[in-house]
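The values are calculated or read from the model by the stated rules, or taken from the named source; none is laboratory data. All of these numbers come straight from a predicted model, not from anything done at the bench. Ideal geometry is used to build each Cβ from the backbone, glycine not excepted, and the neighbour counts take in all protein chains shown. Side chains are part of the model used for accessible areas, which takes the heavy atoms of the whole protein and leaves out ligands, DNA and RNA. Shrake-Rupley method; radii C 1.70, N 1.55, O 1.52, S 1.80 Å.
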Amino acid sequence: MSVLDLVLLLLVLLLGAALFLRRRGEDRSGEEAQRLLEAARGEAREALEAARKEAKEILEAARQEAKALREEAEGRAKALRQELEAEFKRRAEAQEAEARKRLADAEERLKAEREELRAERERLKALQEELRAERDRLKEEREELRREAERLSKRGEALDARALKLDALEEALAKREEALKEREGLLAEREKEVEKRLHEVAGLSPEEARRLILEKLDRELEEEKAQKVRAALERVRLEARREAQKILAQAMQRQASETAAQLAVSVVPIPSDAMKGRIIGREGRNIRTFEALTGVDLIIDDTPEAVLLSSFNPIRREIARMALEELLKDGRIHPSRIEEVVEKAKQEMKTFIYERGEEAALEAGVVGLKPGLIQLLGRLHFRSSYGQNVLKHSIQVAHLTGIMAAELGLDSALARRAGLLHDIGKSVDREVEGSHVEIGIALARRFGEPAEVLDGIAHHHDPENAETVYAVLVAAADALSAARPGARRESLEEYLQRLEALERVALSFPGVETAFAVQAGREVRVIVKPDKITDAKATLLAREIASRIEREMNYPGQVQVTVVRETRAVEYAR
């Protein structure tokens, strides 16, 4: 029984008691009515207390039950939330995998369609080439038919029929070309549609998708691009070789090259032709090492018992000659021995240059030169100016200057000193920026030469601005030495300047370690740093150097650019 039922029962009892007292109030006395009323009130109070107690117990039980129900509901809600999260995550992963799959499928389809488009373009290009060849052939045949018609009028009808047939073929090819163009347009529209669908599937903007695809394609096609450039260059070389040989043959027939061969080529005798194989080495490693260390082109041809050393730099060529003769004498020819002998030859060359400087100073009658200045003076032995040996020219100028100074009553020793050193800047003008006058002034000032010598170096080409008479004498002696018949040739100086310019162009690119102009200026051999230039970039670098040479220089024939990238691993067993 609930609390509400108990309260209703008490109210019914009170009402019944009241009605009972009202009906029988007349028969009973007031005391009995009072007693009954008190008894009813007591019973009502007891019933109320019992009802309150029972209501409290029921309320406590209801609270416990409500707490249990709330905990159970929280547990079920938590479990349901976890199930919903797992289901949402599973569906999200499934949707993401489906989107990735669709994106991959779209990329594959796009790639396949692009390959088809590329193949179609190649076929179209081939057809265009065929059409162009057919047109050229048609033009030639028409010309031939015209000439034949002039001589044989009876065959005109047959030739006209053939021309009409060719016209029909040309028209058919033109229609086919139009059809291919229309198909190309349809493929382009289809590509745009696929690209649009790809953007929709990927959820990216066209700019972002294009950027991602282009970055991916750039990474994938970098090697392919280098390979295609290399293949294209090989095709161009093969096609141009015949024409280049024809041009070179004509040039050699029209221009004598005794002087160039004498100044750019050295002949080294060998014991026998069997030694040529040892010089080349296994897979050419010996000759590659020798050329890389010396910067000289080693030519091994059918010349019996001789090899050629070709380089416009005479010092390099002489070092290479000394090293090669030492290797031939020793008989041991391998890369490490080549490095050792070349280094030894360089040291011997320094001694040889110093001896030539001492001999020149002694012949000119100049004393008191510092060792560094004598070394620079000896380098002029390998320097030519307009075909004239600069060291011999300097000795002549020294003698002429001393004679004129003696006739004028001046210091002939000082005059000879100024004449001997007037072109000292040409000893290092290939390694140092600036004119040989500026370089000579800096060198003479560095070695503490007198002011008259400095003035002779500074104004031996413009005596009008000279500060001393010695500079005027040096200028006059310089003109006398150069003016004698056969002393100079303009072509040689231009030739050497062109070779130096080839090396400067190659050295201006980043990643280039050194460069050598060989083959009398027909080849530039560029050695790059392997940690900065990859095999793929080497091909592109050769193309860039060749393009810059074409833009900035004038030269006969063609110039071959060879980029050499070599990585060595050296270890010692102890």
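For the range 362-407, a residue qualifies if it is polar (S, T, N, Q) and closer than 22 Å to residue 500 by Cβ, and the qualifying residues are 375, 384, 385, 388, 389, 394.
Here is a yes/no grid of residues against (1) open to solvent by 30 Å² or more (accessible area, probe 1.4 Å); (2) of a type in the set (Gly, Ala, Ser); (3) within 22 Å of residue 229 (Cβ to Cβ):
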{"residue": "510", "(1), (2), (3)": "yes, no, yes"}
{"residue": "514", "(1), (2), (3)": "yes, no, no"}
{"residue": "525", "(1), (2), (3)": "yes, no, yes"}
{"residue": "541", "(1), (2), (3)": "no, no, yes"}
{"residue": "545", "(1), (2), (3)": "no, no, yes"}
{"residue": "555", "(1), (2), (3)": "yes, no, no"}
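The requirement of being in contact with a helix residue (DSSP H, G or I) (Cβ under 7 Å, 6 or more places away or on another chain) and open to solvent by 90 Å² or more (accessible area, probe 1.4 Å) is fulfilled somewhere in the range 102-110, by at least one residue. Looking at residue 181, is it closer than 30 Å to residue 140 by Cα, open to solvent by 90 Å² or more (accessible area, probe 1.4 Å), at pLDDT 65 or above and not polar (S, T, N, Q)? The answer is yes for residue 181. Evaluation of residue 573 against the conditions (1) farther than 18 Å from residue 230 by Cα; (2) open to solvent by less than 20 Å² (accessible area, probe 1.4 Å); (3) among the aliphatic types (A, V, I, L, M) shows that the sole unmet condition is (2).
Is it the case that residue 114 is open to solvent by 100 Å² or more (accessible area, probe 1.4 Å), within 35 Å of the chain's Cα centre (by Cα), on the phi < 0 side of the Ramachandran plot and touching a residue at least 40 places away in the same chain (Cβ under 8 Å)? So residue 114 does not fit the description; no.
Which members of the range 317-335 meet the condition of being touching a residue at least 24 places away in the same chain (Cβ under 8 Å) and basic (Lys, Arg)? Listed by number, the residues that qualify are 317, 321.
Inside the range 289-316, residues that are open to solvent by 20 Å² or more (accessible area, probe 1.4 Å), in contact (Cβ under 8 Å) with a residue 12 or more places away in the chain and of a type in the set (D, E, K, R) make up a count of 3.
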